[in-house]
Amino acid sequence: GIEVHPWFCVVKRERDLHPEFVEETTPAGFYDVHRPEFRDFIVGLMLDVIGRYEVDGINLDYIRTGGQCRGEKCLAEYRQRFGSELADDVQAVQKPGWANANVLAWQDEAIADIVKRVAEQGRALKPGLVISVDGHVKPPGAAPDASGRNETMWVNAGWVDVAYNMDYGRVLAFAALDAVRGASNRPQVYVCLPGNYERGDDGKVVPRDGQLVADQIAFCQRKWPGTGVGLYLYSML
């Protein structure tokens, strides 16, 4: 009776796997999501899992660019797409804290291509498949995420069924999540994902006090009844 939702760190690069999908200027620890061949590879991998195994859903983590692609291919493609230079547009912010509209579109389109294809083709393989993502949902009026992570757009498009809001602080940012839910016609999609670990000054990760973890889970259950709650991460449980 336990549902199975494989968890993919979609754009995160571990060790030196698949060097054909990176170049020197690719953001460290990530693949170059602007390469169509990488998107074809990762979408195909996830669809293979969906079609091969009896899964109930799929979870997309690290579903972002990780930074700015600055390779020659990226620069040429950006120039062709927008008629301007990426480096110039990165500097030409719309207003303090907001990235340039062209840069936002450039990043959003690449990541959205993955989410859309996994959702549509995955559900064609397995009707009822649940698509969930892990992110930091932006409340109305906040500066958009410049790494292509746009949970609200994905939810509104119908691609995403659950958007986990990663909130690992000792005090939960419940007001921001309330604002997101209040602006949506599908508020139940947005689920709080608190943490159960602390990172010390030495960088070492240790389990969080169990009572605080229990209190945060109980708070989420009272605050957003019927929505559910997540917890990160298993090794600190």
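The values are calculated or read from the model by the stated rules, or taken from the named source; none is laboratory data. On a predicted model such as this, the values are computed, not experimentally measured, just so you know. Positions of Cβ are backbone-derived with ideal geometry, glycine not excepted, and every protein chain shown enters the neighbour counts. We work out accessible area using only protein heavy atoms, side chains counted, and drop any ligands, DNA or RNA first. Shrake-Rupley method; radii C 1.70, N 1.55, O 1.52, S 1.80 Å.
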Quiz item: Mind checking which of 133, 103, 55 has the largest fluctuation in a GNM of the chain, springs on alpha carbons under 10 Å?
Solution: 55
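Calculate for the chain the 222 nm mean residue ellipticity that helices alone would give, adding -39,500 (n - 2.57) per DSSP H run of length 4 or more and normalising by residue count, nearest 500 deg cm²/dmol. Mind showing how you got there, number by number?
Details: 7 runs with 88 residues, N = 237.
Result for the chain: -11500 deg cm²/dmol, rounded to the nearest 500.
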Self-check item: Estimated dipole of segment 112-237 in Debye, rounded to 20 [Cβ of Lys and Arg +1, of Asp and Glu -1, Cα centre]
Solution: 340
Quiz item: With a sphere of radius 11 Å drawn around the Cβ of residue 158, what net charge do the other residues whose Cβ falls strictly inside it have (Lys, Arg +1; Asp, Glu -1)?
Solution: +1
Quiz item: Remind me, relative contact order of the chain in percent, using alpha carbon pairs under 8 angstrom and six or more residues apart?
Solution: 16
Practice problem: With an 8 Å cut-off on Cα pairs and a minimum separation of 6 or more residues, tell me the relative contact order of segment 31-133 in percent. | Solution: 43
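Where does each of 4, 115, 171 land when they are ordered by accessible area, with a 1.4 Å probe and the largest first? Intermediate results must be reported in sequence, preceding the final value.
Numbers: 4 75, 115 0, 171 120 Å².
Per-residue accessible area, sorted high to low, gives 171, 4, 115.
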Quiz prompt | Estimated FRET transfer efficiency when R0 is 45 angstrom, pair residue 215-residue 40 (beta carbons, to 0.05) | solution = 0.50
Practice problem: May I ask you to compute the full-extension gain from residue 87 to residue 205, defined as 0.36 nm times their residue separation minus their alpha-carbon distance, rounded to one decimal in nm? | Solution: 38.8 nm
Self-check item: lysines whose Cα lies under 26 Å from that of residue 223, excluding same-chain neighbours fewer than 8 positions away
Solution: 138
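Keeping the other protein chains in place, figure out the carbon and sulfur percent of the accessible area of the chain, with a 1.4 Å probe.
54
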Quiz item: What does the accessible area per residue of segment 153-204 come to in Å², with a 1.4 Å probe and no ligands, DNA or RNA counted?
Solution: 49
Exercise. About the Cα centre of segment 1-148, how large is the charge dipole given +1 on each Lys and Arg Cβ and -1 on each Asp and Glu Cβ? Please answer in debye to the nearest 20.
Key: 280
Quiz item: Want the number for residue 156 to residue 142: 0.36 nm per residue separation, take away the alpha-carbon distance, what's left?
Solution: 3.3 nm
Quiz item: DSSP loop trypsin sites (Lys or Arg not before Pro) in segment 89-153 with at most 14 other Cβ atoms within 10 Å of their Cβ, which ones?
Solution: none
Quiz prompt | Residue among 156, 225, 192 farthest towards the positive dipole end of the chain, charges placed on Cβ | solution = 225
Exercise. May I ask you to give the solvent-accessible area per residue for segment 1-115, in square angstrom, as obtained with a 1.4 angstrom probe?
Key: 53
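Taking 8 Å as the Cα distance limit and 6 or more residues as the minimum spacing, I'd like the relative contact order of segment 87-163 as a percentage.
Numbers: 82 pairs, mean separation 27.0, N = 77.
Relative contact order for segment 87-163 comes out at 35 percent.
Give a quick list of trypsin sites (Lys or Arg not before Pro) in segment 183-220 that DSSP marks as loop, anything other than H, G, I, E or B, with at most 13 other Cβ atoms within 10 Å.
Details: sites: 199, 204, 208; in loops: 204, 208.
Those satisfying the criteria are 204.
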